[in-house]
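Okay, structure first, notes after.
The values are calculated or read from the model by the stated rules, or taken from the named source; none is laboratory data. Just so we're clear, the structure is a prediction, and the values are computed from it rather than from any experiment. Glycine gets a Cβ as well: all are built from the backbone with ideal geometry, and neighbour counts include every protein chain shown. Accessible surface is based on the protein model in full, side chains and every heavy atom, while ligands, DNA and RNA are left aside. Shrake-Rupley method; radii C 1.70, N 1.55, O 1.52, S 1.80 Å.
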Amino acid sequence: MLLCTAVASAQYTQDIKGKVIDKESHVPLIGVAVAVIDLEDVMGAVTDENGSFLIEQVPVGKHTIQVSYIGYNSVTMQGVLVTSAKEVLLNIHLEESATKLNEVVVKDRREHINEMAMISAKTFDVQETERYAGSRADPARMASNFAGVLGADDSRNDIVVRGNSPQGVLWRLEGVDIPNPNHFAVSGTSGGPVTMLNNKTLANSDFFTGAFPASYGNSTAGVFDLRLRNGNNDRYEFTAQLGFLGTEVAAEGPIAKKKGSSFLFTYRYSTLKLFEGLNIKIGTNSVPNYQDAALKLNFPIGKKANLSFFGIGGLSDIDLIVSNQTEQPEELYGESDRDQYFGSNTGLLGTSISYIINNKTYTKLTVAQTANKIAATHDKVFRNASYEVDSLKRILDYSFKTNTTVAHWFVNKKLSNRHTIKLGIVNNYYFLNMYDSSRQYPPTLQTWQHRVDFKGGTNLSQVYIQHKYRPTDKLTITAGIHGQYLTHNQSKAIEPRAALKWRAGNTNIISLGYGLHSQMQPIYQYFAHQPQNPPSVMHNYNMDFTRSHHAVAGYEHIFSSVLKLRSEVYYQYLFNVPIETRVGSSFSGLNQGASFSRIFPGALVNKGTGYNYGLELTLEKGFSKGYYLMFSGALFDSKAKGNDGVYRNTDYNGRFATNLLGGYEHKLGQNSTLLTGIKITYTGGRLYSPPDIAASNVIADYVAVDSLRNTEQFKDYFRADLKLGVRINGKKLTHEVALDLVNILNTRNVLSLTYNHDLAAQGQYPFITQYQLGFLPLFYYRVDFGFSKK
C-alpha cells in the first residue's frame, strides 16, 4: 500500500548542505562552488564566510556533486543519497594546488580523511555498510570486502589483514585508542559476534592495511580510524528501526540553533531478547542479550574553535546452557561439555576541543576515559552413558577490568601550499584489576589454579612527527617518525615511516610506502603467573613489543570517473615475536587473537619471526546509472617461526581471498527505489593442527600435535549473500524495508574441529566437526523523519 501510494505521488525534494575547509589548515574556504551536476538543470551554491553552503530542493535519489575552487584540487562525489526525510550533510576537505595555477580535477569521492595517507588506505563510506549484502551494518564486516582483508568466520567479525592476526588491528574513535568495540568481546582480541558501533552515528572514516602514517602506533596489522558525525544543527531528525540484529532509535538536532550547536544520540536493544521478554518463542534458550548507545554533542565557539563531547557504550551477556540438552547437537555455539555464563561491558566518554590558531595552523586535544569488563564462569557437565546429566562442577571463574585514560594532542602547520607538518602526542594509562582461576584440565582436578591476580597499572606513551611535501600537484611525499614507550618494563621503539604518491598523467597513479611498526602484547599476559608461583612472579612481565617492517608498492589505473583498477604488492617481516622458551615448541604470538578463548602461554621470549607477502587487486565500478560492481582478490602467504626453528603456516594463511559484489537500484516512480545487492565470497579454508588423541583424552580437551601445527586445512570457504529491499520517500518521511539473505545457498562451511568429552567417555572418536552459519535471513524496517524548529 505504501509502495502504490509513493509511486503515484508527486516528486519530493530535500536540501543538501555542509561546509568546505582547507584539508591541511582546516580554515573555512569562502566562494567555493558546489554543484549537483547530474541534473538536467544543474543546481548549486557558493560557500559563505564560514565555508557553509546550502542547495535547496534537490530531487530525491542519488546524485553527483562537484566541488571546485580556484587554486585548489576539485573533487567529484558520486552516488550521494538524497531522501525526503533527512537533509544531506557534507563536510568537504579541499587540498590546495601545489602550483596555484589551475584546478586539478580529482574525480574521486574516496579522498582519505587523514591528510598523510598515501598508500594501503581505504575510505570507509557509511552508506556501504547497508548497501553491501552480508555486511549487517557492521564496519568490520564491511571491511572484509577490501582486497587483502579476510572475512571467513561467520561467528565473528575479526579483521584479518594480509595474513596478520586480528590482534594487530588498532581501533580509534575521535582520534583516541579505544577497546575492542564489539559485544561479547574476549581479552586479547579485536573482534566479536556483534558490533556495538552504530553506523547511523559514524562519519566517513579511514581504514589502513599497511605502512600507515606516523600518527598511528601500537599496531602491526591495520588501523580503523573512526569518526562520529555531528548532528544536524538546523533541523530535528529521527530514525526508528526494527531488525533481527536490534531494535533501535536515533535522534539528532540543534541545541542552540543560532550558535550552530547540535546533538546526536542512538540506542539499540537486542531484538531476540525483546521477543523473549514478550514470551515469543524463538527456538533457543541461549538468547544473546545486548544493548548499546552513542552520543555526540557539538558546540562551535566563534569561528575558530569547536568543543564536542562524545561517548559510546555497550552491555552484553549470554548464558550458553548445554546441561538441559537431551542429545548431542550437530551445530553448537560454545563448548559442548559445559554451561557458560559470559558477559562483557565497554564504555567510553570523551571531550575534544579544536582551535584554528591562524590561517595556516590548527590544533586539537582529545581526552577520554574508557572502561572495559569481561567476566565468565563455566560449569563442567558430567553425563552418564544415556546422555543424562550426572553432576555439575564449577571449573572456571575470571574477571578482567581495564580502565584507561587516553589523550591525543596534535598541531598541524601548513608551512606553504607545498609543505605541511604534523606533530602529536598520544598517551594511554591502563588501570587493571584482573583475576583468573581454573580447574578445567584434567576434569578430575579439584584444586583451583590461579593464573592472574593483579591490581595495578601501566602507561603507553607515544609521540610522532610527520612532514608532507608536494613539489607538484602530481607528486606527494611524506616522511615521519613514531616513538612509543611502555612504562612497566621500559619497552621502547623508534619507527621511521615514508611514502610517496605520483600521478603519472591523468589516468595512472603509482604509490610506494614503508614503515616500521610495533605493538604491545595482550595486556593480561604481562601480569599472568604460573599456577605454582605467587602472583608477584609474573613470568612474561618483561615481554617487548612485537615489531614489523612494512613495504608496499601500488598502482592505480583510472578508466573513468567511476571505473578504477587498483593493485598493491607488499612484503612484511615481523620480528621480536613472542615464542615459548620450551625447546621444540612451535608456538608463536602471531597465532593469537581470533577466538573466544584467552591464551596463557608458558615463559616467552621475543625471538620469533614471521613474514607475509602478497598481491592484491581491486576492480571497482562506483555507483552510476543505477548499479555498482566490485571485485577484490588477494594471493598471499603468511608464515611464523617458533622455538623449533621451522617456518609454518600461521592460523590466518588461507592463501587466497576473493569477493564479488554488485548491486542494482531501480526507480519505482519518482520517489521510491527497489534495492538489490549480491555478494559472493570464496577464500581458502581454515588451517588447523591434527589432534593428539591420547593427550586430548588425558586432559579432556583438544590437544594438537605440536610438530604438525597448521599442516591441515578444511575445505575452501564459499558463501553467497543476497539483499532485497525498497526505499519509499514520502512527505518528510522515508521508509526502508530490506531482507539480507546470508548464505542463501546454505553452504556448509567448516568452523573447527573440537573435542567432545562425552564421546570419549563412550569410547568413540572424541572429535566433532562444527560448522558455520547456515542460511540466515536478516530483516529490518526503518523509518526516517524530521521537521524544522519553529
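General remarks:
- Computed 3J(HN,Hα) for the stretch 422-432, one whole-Hz value per residue from the Karplus formula 6.51 cos²θ - 1.76 cosθ + 1.60 where θ = phi - 60°, is 10, 10, x, 10, 10, 9, 10, 9, 9, 10, 10, glycine and proline marked x.
- For residue 638, nonlocal amide neighbours, meaning residues 5 or more places apart or on other chains whose placed amide H falls under 5 Å from its own, are 650.
- Backbone amide hydrogens, once placed in the peptide plane, bring residue 395 within less than 5 Å of 378, 379, 380, excluding anything fewer than 5 places away on its chain.
- Environment charge of residue 754, counting only residues whose C-beta is closer than 11 Å and scoring Lys/Arg +1, Asp/Glu -1: -3
- Heavy-atom surface analysis with a 1.4 Å probe gives the chain a carbon and sulfur content of 59 percent of its accessible area.
- Surface per residue (accessible, 1.4 Å probe) for the chain, Å²: 39 Å²
- Interchain or long-range residues, amide H under 5 Å from residue 151's placed H: none
- If the Kirkwood radius is taken over C-alpha pairs of the stretch 375-532, then at 25 °C and 0.890 mPa s the Stokes-Einstein diffusion coefficient equals 120 µm²/s.
- On the principal axes of its alpha-carbon atoms, the stretch 543-606 has extents of 56, 27, 20 Å, going from largest to smallest.
- Between residue 256 and residue 30, the contour length at 0.36 nm per residue exceeds the alpha carbon distance by 78.9 nm.
- When restricted to Cα atoms, the stretch 175-270 yields an Rg and a Dmax of 16.4, 46 Å, respectively.
- The shape of the stretch 210-332 comes out oblate: with a ≥ b ≥ c from the C-alpha gyration tensor, a/c is at least 1.5 while a/b does not beat b/c.
- Principal axis extents of the C-alpha atoms in the stretch 11-60 (largest first, rounded to whole Å): 40, 16, 16.
- In a simple Cβ point-charge model (Lys, Arg +1; Asp, Glu -1; nothing else charged), the stretch 485-632 has a dipole of about 260 debye relative to its Cα centre.
- Ranking 17, 715, 625, 373 from most to least accessible surface, computed with a 1.4 Å probe over the protein chains only, gives 625, 715, 373, 17.
- Take every Cα pair under 8 Å whose residues are at least 6 apart in sequence, average their separation, divide by the length of the chain, and the relative contact order is 12 percent.
- Nearest-10 value in Å² for the accessible area of residue 526, using the 1.4 Å probe: 0 Å²
- Partners for residue 401 among aspartates and glutamates (Cα-Cα distance below 16 Å; same-chain residues under 8 apart left out): 317, 436, 453
- What you get for the chain, charging only the Cβ of Lys and Arg (+1) and of Asp and Glu (-1), is a dipole of about 2040 debye around the Cα centre.
- Backbone HN-Hα couplings from phi across the stretch 21-30 [Karplus 6.51/-1.76/1.60, Hz, Gly and Pro as x]: 10, 5, 5, 8, 9, 6, 6, x, 9, 9
- Under the Karplus curve 6.51 cos²θ - 1.76 cosθ + 1.60, θ = phi - 60°, whole-Hz ³J(HN,Hα) for the stretch 671-688, x wherever Gly or Pro sits: 10, 10, 9, 7, 10, 9, x, 9, 9, 10, 10, 9, 9, x, x, 5, 8, 8
- For the chain, fraction of C-alpha pairs farther apart than 35 Å, in %: 48 percent
- Rg/Rh ratio calculated on Cα atoms of the stretch 516-625 (Kirkwood radius): 1.20
- Farthest positive-ward along the chain dipole, Cα basis, beta-carbon charges - from 529, 652, 93: 93
- Out-of-range pairs (alpha-carbon distance over 23 Å; input 23/258; 122/200; 62/723; 422/474; 19/86; 257/732): 23/258
- Between the listed residues 25, 786, 717, the Cα displaced farthest toward the positive end of the dipole of the chain, a dipole computed from Cβ unit charges relative to the Cα centre, is found at 25.
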